[in-house]
Amino acid sequence: MPELPEVETICRGLAPLIIGKTIVTIETSGKLLRQPVPLDEMRAALPGQTINAIRRRAKYLLIECGGLLIIHLGMTGNLGVFTAEQPPGKHFHARFCFADGQELRYHDSRRFGRIAFFPAPSATAEQQFFAACGPEPVDCDAALLAEKCRRLQTPIKAALLNGALIAGIGNIYASESLFRARIDPKLAASALTLSEWRRLLAAINEVLNEAIVCGGSTISDYVNAEQKSGYFQMHFTVYDRAGQPCQHCGTAIAQTKIAGRSTFFCPKCQGENS
Ligand SMILES: [Zn+2]
């Protein structure tokens, strides 16, 4: 499942390819994504409109085009720019055809993605759409997070996956950030001190930024190739490295399950006396 850095990278990669393009037609597969694709509403409002901007909020892409298109890639969604001559892939679900013959296409094999559309967007409508989303990691305040988690007995690793607390962090970057901050993923969220929250927040933002930088080097492949969703060739320090030596202390990386999700950590660096 793409996390914040992957979505941010797709956003940055698509920007030069779609900004300034005029939408002529819209077609869909007719298949249901997580919710129905609002084809009639898009067809009524979008032809003749120019794409002005693309930005990211949490794991959503927001395309400003007169109206506002909001796209979530779900587990396996992928957006790419193609020429009209290139045949649509097997898991094609939507295409926005531009006046210059190019197309923005959405592919999604498992169909957990979502396409929403606001013909007359407003700050209020956008706020409502994202009402359940926590702040972006870069906008989070350590003291506020500590306060929100004051009574939360959930392990910190599970708390980080809660998009209502902090947006955009998934399973991989939660493990990576906790390792960087030297915090035991099993520790109750309520047990973190303010200085640990500060350390964790700094680690989260570092890890996410490094992933975005790493993604930037593969960006053209990513947005031009169909069904290449997933993670960049990032060098994870703990994720999926069970049994391999910790890059810091040499101890074997341990694997456990927290809230049903695989969690990787260094028992020494992230232990009680770290
Ligand atoms: Zn270690």
Hz values of 3J(HN,Hα) by residue in segment 96-112 - Karplus curve (6.51, -1.76, 1.60), Gly and Pro given as x: 10, 8, 9, 4, 8, x, 8, 9, 8, 10, 10, 10, 6, 6, 9, 6, 8
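If the chain between His235 and Met75 were fully stretched, how many nm would it gain, using 0.36 nm times the residue separation less the Cα-Cα distance?
On the way: separation 160, 0.36 × 160 = 57.60 nm, distance 2.13 nm.
Roughly 55.5 nm would be gained on extension.
Please report the net charge: other residues with Cβ closer than 11 Å to the Cβ of Ala203, K and R +1, D and E -1.
Working: positive: Arg180, Arg182, Arg198, Arg199; negative: Glu176, Glu196, Glu206, Glu210.
Residues near Ala203 contribute 0 overall.
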Proximal lysines relative to Lys90, as straight alpha-carbon distance under 26 Å, when same-chain residues fewer than 8 apart are discounted: Lys21, Lys31, Lys59, Lys228
Potential lengthening between Cys214 and Val138 on full extension [0.36 nm per residue; Cα-Cα distance subtracted]: 25.5 nm
5 angstrom amide H check on Ala94, placed H, neighbours 5+ away: Ser29, Tyr106
Cα-projected label distance for Ala202 with Ala164, points at 7 Å along beta-carbon direction, nm: 3.1
Label-point separation, Gln255 to Ala125 (7 Å along Cα→Cβ), nm: 4.6
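Mind running the shape call on the chain? Use the C-alpha gyration tensor, a ≥ b ≥ c as the square roots of the eigenvalues: rounded below 1.5 for a/c, prolate if a/b tops b/c, oblate otherwise.
prolate
Strictly greater than 17 Å: what percent of every Cα pair in segment 137-265 meets that?
In whole percent, the share of Cα-Cα pairs in segment 137-265 beyond 17 Å is 59.
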Karplus (6.51, -1.76, 1.60) ³J(HN,Hα), θ = phi - 60°, over segment 48-59, in Hz, Gly and Pro reported as x: x, 7, 9, 6, 9, 6, 9, 9, 10, 9, 6, 9
3J(HN,Hα) from dihedral phi, segment 113-119, Karplus parametrisation 6.51/-1.76/1.60, rounded to Hz, x for glycine, proline: x, 8, 10, 10, 9, 10, x
Candidate aspartates and glutamates - alpha carbon under 20 Å from Lys186, same-chain residues fewer than 8 apart omitted: Glu147, Glu176, Glu196, Asp240, Glu272
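Please compute the net charge surrounding Gln244, taking Lys and Arg as +1 and Asp and Glu as -1 over other residues with Cβ under 15 Å from its Cβ. Display every interim value, and only then the final one.
Details: positive: Arg241, Lys268; negative: Glu176, Asp240.
Net charge around Gln244: 0.
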Charge sum, other residues only, whose C-beta stays under 11 Å from Ser29's C-beta, Lys/Arg counted +1 and Asp/Glu -1: +3
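Every number here is computed from the coordinates shown, using simple stated rules; none is lab data. Model, not experiment: these values are computed from the prediction. Neighbour counts are summed over all protein chains in view; Cβ atoms, including those assigned to glycine, are modelled from backbone coordinates with ideal geometry.
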